[in-house]
């Protein structure tokens, strides 16, 4: 074979290897960026869901201290959020959210509380049923 052909084939092979390497590097970079965007979007979605749950649960819990008449549509909304958590959250978070909902329902069923009653139970964790839920959320989002 002529040396000119060997040089041309070597140049073409080198170009092809360089092109494939560049293509593979681009593909890996794009894949990494896409994965990072997915993770970021997932975290934002979870944070929004957890924030909405905390706000709704706090309102319902405060309302439950003063009345025995629960608004079923608000409770349904709370349970709908818990169901959404079942899709995207760890079992620990779902369990904590279920516990919060149970406490709210039990508070509605309990006798109404006055501010004097609340002052007596301030040292008890009963006034902060969202503590375990919040801690579990923070731990999950850090991972």
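Structure summary
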item	result
Close pairs (8 angstrom Cβ cut-off, 6 or more residues apart or separate chains): touching a residue at least 12 places away in the same chain (Cβ under 8 Å) in the range 75-93, surrounded by fewer than 14 Cβ atoms within 10 Å (Cβ to Cβ) and part of a helix (DSSP H, G or I) anywhere	88/42; 88/45
Within the range 61-74, considering residues that are more than 17 Å from residue 115 (Cα to Cα) and touching a helix residue (DSSP H, G or I) at 6+ places or on another chain (Cβ under 7 Å), the one modelled with the lowest pLDDT	70
Subset of the range 37-90 [over 15 Å from the mean Cα position of the chain (by Cα), surrounded by 14 or more Cβ atoms within 10 Å (Cβ to Cβ) and not in a helix (DSSP H, G or I)]	70
One residue from 93, 103 being touching a helix residue (DSSP H, G or I) at 6+ places or on another chain (Cβ under 8 Å), within 13 Å of residue 137 (Cα to Cα) and surrounded by 12 or more Cβ atoms within 10 Å (Cβ to Cβ)	93
Output for the range 113-133, where each listed residue is modelled with pLDDT of 85 or more and loosely packed, with under 15 Cβ neighbours inside 10 Å	131
Failed item in (1) over 17 Å from residue 131 (Cα atoms); (2) at pLDDT 85 or above, with residue 39 passing the rest	(2)
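The values are calculated or read from the model by the stated rules, or taken from the named source; none is laboratory data. Fair warning: this is a prediction, and the values are worked out from it, not measured in the lab. Note: ideal-geometry Cβ built from the backbone for every residue, glycine included; neighbour counts use all protein chains shown.
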